[in-house]
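Participant: Quick one: the structure is below, and I'll ask about it shortly.
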Amino acid sequence: MSTASNRARCVKCEKEKATLKCSGCSEDFCYSHITDHRQELNQQLDEIEVNRDLFRQTFTEQKTNPKNHSLIKQINKWEEDSIEKIQKTAEHCRQLVIQHLTEHTNQIEINLAKLTDELKQTRQDNDFDEIDLRRLKQKLTELAEELEKPSNISIQQNSTSLVNKMCVVASSRKCINYI
């Protein structure tokens, strides 16, 4: 015949024994396993101290060199991305201008050849006056102007932002816009 026991069960070995209740986790441990439980708690405390030491190291590094902070790295990344976008756009625009300038200079070359032929013919015929000279000089001036500032090519800047704007928000202050 078994008698009812007033003893609690150890949470580790599950035997009914004299136990101690841990005030932290409220579990019952026999005398053999309460020591194991304390060792587990000591290991957890050791882990917390190691993590604190790692945090202190990170904190000290950040304090001595704030330029390595993740927020600064985010700004640096934004800057690099923005510069890359600008460089790609500039290179694309350069290629377009070069393509159109090539076509443009070919046309100027044709017009210069016509002017050269006309000058040769004028000299050969020896039939010219001041009006002819003004007209020839005007044609040469127009070719020079067209070479320097092509009438069919221009550079325009759009007010739409190519680069995403960035601002810094600190505490409850509003966005401090820089770009």
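The values are calculated or read from the model by the stated rules, or taken from the named source; none is laboratory data. The structure displayed is predicted, hence computed values, not measured ones. Note: ideal-geometry Cβ built from the backbone for every residue, glycine included; neighbour counts use all protein chains shown.
Participant: Anything in the range 107-150 that is more than 30 Å from residue 85 (Cβ to Cβ) and not in a helix (DSSP H, G or I)? List them, or say none.
Facilitator: 126, 127, 128, 129 - these are the residues of the range 107-150 that are more than 30 Å from residue 85 (Cβ to Cβ) and not in a helix (DSSP H, G or I).
Participant: Go through (1) modelled with pLDDT of 95 or more; (2) assigned to a loop (DSSP other than H, G, I, E, B) one by one and return the number of the condition residue 53 breaks.
Facilitator: That leaves (2) as the condition not met.
Participant: Can you tell me which of (1) under 22 Å from residue 146 (Cβ atoms); (2) modelled with pLDDT of 95 or more is the one residue 94 doesn't meet?
Facilitator: Every listed condition holds for residue 94 apart from (2).
Participant: Could I ask something else about it? Go through the residues of the range 67-84 one by one and say whether even a single one is in contact with a strand residue (DSSP E or B) (Cβ under 8 Å, 6 or more places away or on another chain), of a type in the set (A, V, I, L, M, F, W, C) and either part of a helix (DSSP H, G or I) or in contact (Cβ under 8 Å) with a residue 24 or more places away in the chain (or both).
Facilitator: No - not one qualifying residue is present in the range 67-84.
Participant: If you check 96, 101, which single one turns out to be under 27 Å from residue 154 (Cα atoms) and surrounded by 12 or more Cβ atoms within 10 Å (Cβ to Cβ)?
Facilitator: 101
Participant: Also, I was wondering about something else. Any residue at all in the range 64-76 that's among the hydrophobic types (A, V, I, L, M, F, W, C) and surrounded by fewer than 10 Cβ atoms within 10 Å (Cβ to Cβ)?
Facilitator: Yes.
Participant: In the set 138, 157, 121, which member is exposed (fewer than 10 other Cβ atoms within 10 Å of the Cβ) and either out of contact with any strand residue (DSSP E or B) (no Cβ under 6 Å at 6 or more places or on another chain) or outside the structural domain of residue 84 (by TED's automatic domain parsing) (or both)?
Facilitator: Sole residue among the options that is exposed (fewer than 10 other Cβ atoms within 10 Å of the Cβ) and either out of contact with any strand residue (DSSP E or B) (no Cβ under 6 Å at 6 or more places or on another chain) or outside the structural domain of residue 84 (by TED's automatic domain parsing) (or both): 157.
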